[in-house]
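For reference, the structure is listed below as structure tokens.
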Amino acid sequence: EAEKKILKQIDDRIVIGKVIALASHPDPKMTKVRVTKTLVGPDQEEQILCGGINLEEGDVVAVATVGAKLSEDFEIGAREIRGVESRGMICSRGELGITEIEDEKSGIWKLPANLECKLGAKLKDLAS
């Protein structure tokens, strides 16, 4: 119930997405970051860099798209990290402020696979 209350308050630009491809970052020093191709809508694909170790191809995830605010002072922008552009952020429950449980904060929040039919829908709409 508390989770639904928090979900209702998150930014409209945090949407349901799906990871369709995962690759290593071309810079050998960037061992913890992978390059994803992520659907953020039925026909909209973004390249997003992600350090979540539990992320797998095919995962349905929460994506903060460019312009989304995760907090008062943290807005997602398009940025380049060692020569590779990233346009969004694949989120953990902790990054969205949805959990206080340590084990849930670190890994990417994997949404139920049946939400794939709602690609691009606002995550906050799941709270209703």
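Every number in this text was worked out from the coordinates using simple rules, so none of it is lab data. Please read these numbers as outputs of a predicted model, since none were measured by experiment. Cβ atoms come from the backbone with ideal geometry, glycine included; neighbour counts cover every protein chain shown.
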- For segment 49-63, in order, what is each residue's ³J(HN,Hα) by Karplus, 6.51 cos²θ - 1.76 cosθ + 1.60 with θ = phi - 60°, in whole Hz (x at glycine and Pro)? 7, 8, x, x, 6, 8, 7, 10, 4, x, 5, 8, 9, 8, 10
- Using a cut-off of under 19 Å, list every residue of segment 1-26 whose amide N is near the label point 7 Å from the Cα of E75 along the Cα-to-beta-carbon line. 10-15
- Measure off 7 Å from each Cα along the Cα-to-Cβ vector at K5 and N54, then give the distance between these two points in nanometres to one decimal. 2.5
- Message: Quick check on the chain: helices-only [θ] at 222 nm, where DSSP H runs of length 4 and up contribute -39,500 (n - 2.57) each and the sum goes over total residues. Nearest 500, please.
- Response: -2500 deg cm²/dmol
- Item | Calculated from backbone phi, Karplus (6.51, -1.76, 1.60) coupling profile of segment 74-85 in Hz, x at Gly/Pro | 9, 10, 6, x, 7, 9, 10, 10, 6, x, 10, 6
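So which of K32/K124; K8/K110; K5/K32 end up more than 23 Å apart, counting from Cα to Cα?
Flagged as over cut-off: K32/K124; K5/K32.
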- How much length is gained if the chain between Q47 and N114 is pulled fully straight, taking 0.36 nm per residue apart and subtracting their Cα-Cα distance, in nm to one decimal? 21.8 nm
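Expressed as a rounded percentage, what relative contact order does the chain have, with Cα pairs under 8 Å and six or more residues apart? Working shown, then result.
Numbers: 283 pairs, mean separation 42.7, N = 128.
Once divided by the residue count of the chain, the mean separation gives 33 percent.
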